[in-house]
Amino acid sequence: MLAAPDTQAIDLPTFHSVIDLPYTLTPGRATGTFLAEIGNRKIVGSHFASGKIIAPAEDFSPDDGEDVQTFVEVPHTGVLEGYTKVNNDVIGLIQLDGCDNEFAHIILADFETLAVGTRVEAVWADGVENSILAIKGFRPAPETPIGKVLPLGKPANPIEVIPYAMKLDYEHAYGPYYGRMFDEIREFGRIMGVRTSNGDDALLPPRERDDITHKRTGTWKACEDTGTIRGCSIINLEFIGQTRPPPYVYAEIVLDGASTRLIHMIDAESIQWAKDNVRPGSRVRAIWTKGERTGSLRDIERFELIDG
Amino acid sequence: MSNITHGGHVAIVGVGQTHHARRRTDVSQAGLVREAVDRALADANLSMEDIDSIVVASGPVLFAAVNQPEKWVVNAIGAQNKPVVRVTSGGGAGFAGALAGYYQVAGGFAERTLVVAYDKLSEGQLQYSISTLYDPFWGREFAVGIMGFSAAYWRARMDALGHTEEAAAMVAVKNRMNAIANPYAHMKKEVTVEEVLASKPLCWPIKLLDVPPISDGAAAIVLASEKVAAKSTTRPAWIQGIAYCCEADNAPERSLMLSEPLAIAARHVYRAAGITNPRRQFDVVEVQEPYSCFELNYYESLGLCPPGQAADLIASGATQLDGDIPVNPSGGCMGANPIGAVGIIRLIEAATQVMGRSESHQIKDAKLALVQSGGGWANLRGCAVLSA
């Protein structure tokens with residue numbers, strides 16, 4: 001019999017990290033046309049050679065990948081094919097009259113009053129363009145007649161670019177090795193690694209397995225806050241997400257007592273100064289951040305050259 | 001990996017790529033993929049019905065903010081109800097996708113597999129997105145995509161292996177020149193060594209003209225078994241060996257002077273393909289050079305020259321179009337760099353060479369080609385040998 005190991009989850013503090021990214025998305029011809037016309041209170045669908053009509057419009061048939069033949073204007077009325085409650089919103093699957101697919105949107109009605117098969121109609125939002133939210137939602141309309149699909153005439157030029165943003169919050173678990181390393185940095189201002197399985201040099205960051213021997217790593221060891229640059233480059237470009245203004249030196253540093261790299265920064269007066277003074281083999285020391293330590297690599301503000 | 005020669009023979013029998021661009025505002029990601037797939041199927045004389053399985057390869061989801069894009073892509077290419085997997089491996093995504101497809105056909109699970117790779121880099125933040133491959137605890141906040149890292153180890157190789165700024169500039173000049181004839185490239189401008197050296201430092205020693213463009217693009221290949229290859233073409237490009245290896249991220253013995261995973265992959269692939277003297281045996285080479293300095297590194301890691309002689313090799317002219325071992329006659333990444341697609345683009349360029357079908361930059365009588373690709377921060381590297 002397989003015995004479950006006697007281990008438990010333990011609640012510990014996590015490391016908060018954020019990824020915050022702007023985008024410029026390209027919807028393509030069909031979705032771009034749909035988005036361009038929605039501000040005119042027209043719902044654009046795709047008419048395929050097979051006779052199927054898909055709305056909102058798509059470039060390729062979801063059945064067989066066939067190219068769109070023409071764009072059409074589809075009715076603002078349809079049938080509720082399914083629904084659910086998400087927080088305080090009711091989300092429903094709507095099949096517009098004359099169309100062969102369903103799509104999701106907000107249902108403007110009490111959840112309890114709805115039934116699959118309810119006739120619905122679009123409710124338009126004021127002042128919204130280039131977004132499916134130009135339709136505020138769909139509301140029950142039991143008496144509304146069944147709408148007809150119409151030719152679109154000359155469609156508006158498709159919207160080519162849609163600004164978008166994604167902000168992602170994470171709570172990373174440290175695990176026992178990173179946990180102790182950052183505790184040691186916060187409490188004692190020292191950088192501790194673990195010895196390799198067969199030597200005295202420390203692995204930084206510390207880890208359970210030696211990458212080379214695949215055996216368990218050895219005991220903990222404090223490294224110096226001085227070290228030697230193994231690789232360095234001079235950052236002179238600006239980009240979104242950058243944490244300090246260029247120019248500065250990106251350095252991969254092997255701390256004294258360790259055998260692996262720590263990535264950090266060295267201030268540069270100028271590109272020329274950095275070219276002349278910072279190179280593989282240069283000796284550096286950590287400049288600790290003033291004030292209370294937080295238990296992260298930010299507790300080291302930067303490195304600077306020794307005798308540099 | 002000792003069994004890599006034991007599967008069935010696999011060939012590339014159809015290829016297609018988009019006209020790559022800095023920004024394609026006329027198509028969505030799915031529309032971009034569709035163009036490459038239509039071209040590859042037409043080239044292979046096939047329709048989607050003939051395809052047994054699909055591999056979709058693209059870079060990190062953060063590049064373009066669509067998670068699980070394969071569900072969108074299969075709709076757009078009419079591949080509903082077929083087996084599909086997505087493979088992602090940073091810059092090596094396309095190559096890793098080809099390897100996944102190769103395994104399916106070599107293993108007898110498919111007669112024909114379509115591999116399509118793409119990235120639409122105009123949509124997101126390239127360096128920031130790439131920086132998220134760093135450990136969030138250990139270095140991400142100081143990361144500069146892979147550019148900071150790549151430049152740092154180029155700087156170290158300058159001292160250890162003589163990979164000078166001039167040598168890398170010659171790579172940039174060669175590839176940018178070659179790209180001018182490539183109908184699918186979008187960066188077509190001749191530059192001089194002096195101009196490369198004088199261009200703006202971005203992450204010195206990497207300068208603006210050492211860096212390829214940022215591109216939107218897709219590329220697709222059809223892989224076929226020996227049994228069905230002839231339906232598509234009388235002259236397939238046979239895959240004589242293919243491998244993709246990794247090394248530990250922050251291991252104590254990681255030197256970063258030679259690319260160790262690439263050297264290991266090359267050893268396996270050369271054994272499978274019977275390569276004992278790469279410089280003499282290969283007619284043409286296509287490498288994925290995210291920055292000019294990497295091509296020098298790959299000359300040595302692939303055994304085209306001994307360590308420390310890459311600068312001499314480029315200076316000798318041997319890797320030029322008319323040299324004895326042309327590298328990147330297509331222009332490589334310098335002509336277009338839709339990152340996730342690049343592994344497939346390099347395979348396409350090498351395949352069309354040994355098929356004798358490169359319209360614009362055919363190397364005369366090319367019979368044997370070497371392809372390199374890779375991803376991660378230099379720790380995932382692979383290569384393949386293609387033959388007529």
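The values are calculated or read from the model by the stated rules, or taken from the named source; none is laboratory data. These numbers were taken from a predicted model, which means no experiment stands behind them. Counting neighbours? That spans all protein chains shown, and the Cβs are built from the backbone with ideal geometry, glycine included. For the accessible areas, the whole protein counts, side chains as well, though only heavy atoms, and no ligand, DNA or RNA atoms are used. Shrake-Rupley method; radii C 1.70, N 1.55, O 1.52, S 1.80 Å.
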Here is a check on your reading of the model: is residue A:218 more than 9 Å from every other protein chain (Cβ to nearest Cβ), of a type in the set (Gly, Ala, Ser) and touching a strand residue (DSSP E or B) at 6+ places or on another chain (Cβ under 7 Å)? yes
Which condition does residue B:339 not pass, out of (1) open to solvent by 10 Å² or more (accessible area, probe 1.4 Å); (2) out of contact with any strand residue (DSSP E or B) (no Cβ under 8 Å at 6 or more places or on another chain), if it passes all the others? (2)
The conditions are (1) within 11 Å of chain A (Cβ to nearest Cβ); (2) open to solvent by 10 Å² or more (accessible area, probe 1.4 Å); (3) free of Cβ contacts under 8 Å to residues at least 60 places away in the same chain, and residue B:260 fails exactly one of them. Which is it? (1)
If I filter the range B:222-239 for residues that are assigned to a helix (DSSP H, G or I), touching a helix residue (DSSP H, G or I) at 6+ places or on another chain (Cβ under 7 Å) and more than 12 Å from chain A (Cβ to nearest Cβ), do I get at least one hit? no
Test of understanding: among B:129, B:150, which residue is at the interface with chain A (Cβ under 10 Å from one of its Cβ atoms), within 26 Å of residue B:197 (Cα to Cα) and within 22 Å of the chain's Cα centre (by Cα)? B:150
Failed condition for residue B:46, given (1) in a loop (DSSP other than H, G, I, E, B); (2) crowded, with 20+ Cβ neighbours inside 10 Å; (3) touching a strand residue (DSSP E or B) at 6+ places or on another chain (Cβ under 6 Å), with all others met? (3)
Taking residue A:256 as meeting all but one of (1) surrounded by fewer than 19 Cβ atoms within 10 Å (Cβ to Cβ); (2) touching a residue at least 12 places away in the same chain (Cβ under 8 Å); (3) facing chain B (nearest Cβ under 9 Å), write down the number of the exception. (3)
Within the set of pairs 6 or more residues apart or between chains, which connect a residue that is closer than 24 Å to residue A:154 by Cβ and open to solvent by 50 Å² or more (accessible area, probe 1.4 Å) inside the range A:54-80 to a residue that is among the small types (Gly, Ala, Ser) and part of a strand (DSSP E or B) with Cβ atoms less than 9 Å apart? A:58/A:45; A:58/A:46; A:69/A:46; A:70/A:46; A:76/A:122
Filtering the range A:148-167 down to residues that are assigned to a strand (DSSP E or B) and open to solvent by 100 Å² or more (accessible area, probe 1.4 Å) yields A:151, A:163, A:164, A:167
Per the list (1) open to solvent by 20 Å² or more (accessible area, probe 1.4 Å); (2) within 13 Å of another protein chain (Cβ to nearest Cβ), residue check on residue B:88 breaks on (2)
Six or more apart or on different chains, Cβ under 9 Å: which pairs go from a residue in the range A:282-297 that's within 17 Å of residue A:204 (Cα to Cα) and within 13 Å of another protein chain (Cβ to nearest Cβ) to one that's surrounded by 15 or more Cβ atoms within 10 Å (Cβ to Cβ) and of a type in the set (Gly, Ala, Ser)? Could you list them? A:297/B:139
Mind checking which residues of the range B:181-221 are more than 14 Å from chain A (Cβ to nearest Cβ) and crowded, with 24+ Cβ neighbours inside 10 Å? B:182, B:185, B:212, B:219, B:221
Lone unmet requirement of (1) assigned to a helix (DSSP H, G or I); (2) crowded, with 24+ Cβ neighbours inside 10 Å for residue B:118: (1)
Cβ-Cβ under 7 Å, sequence separation 6+ or interchain: first residue in the range B:37-49 and of a type in the set (Ser, Thr, Tyr), partner part of a helix (DSSP H, G or I) and open to solvent by less than 20 Å² (accessible area, probe 1.4 Å). Which pairs? B:47/B:41
State all residues of the range B:138-179 that are among the aromatic types (Phe, Trp, Tyr), buried (at least 22 other Cβ atoms within 10 Å of the Cβ) and within 17 Å of residue A:254 (Cα to Cα); if no residue qualifies, say none. B:142, B:149, B:153
So residue A:90 clears everything in (1) buried (at least 17 other Cβ atoms within 10 Å of the Cβ); (2) under 21 Å from residue A:151 (Cα atoms); (3) more than 14 Å from chain B (Cβ to nearest Cβ); (4) of a type outside the set (S, T, N, Q) except one condition, right? Which one? (2)
So which residues in the range B:1-24 are assigned to a loop (DSSP other than H, G, I, E, B) and either at pLDDT below 95 or surrounded by 23 or more Cβ atoms within 10 Å (Cβ to Cβ) (or both)? B:1, B:2, B:3, B:4, B:5, B:6, B:7, B:8, B:18, B:20, B:24
What number of residues within the range A:22-55 satisfy the criterion of being in a loop (DSSP other than H, G, I, E, B) and over 20 Å from residue B:23 (Cα atoms)? 10
Test: residue B:55 is more than 14 Å from chain A (Cβ to nearest Cβ), at pLDDT 95 or above, in a strand (DSSP E or B) and open to solvent by less than 50 Å² (accessible area, probe 1.4 Å): yes
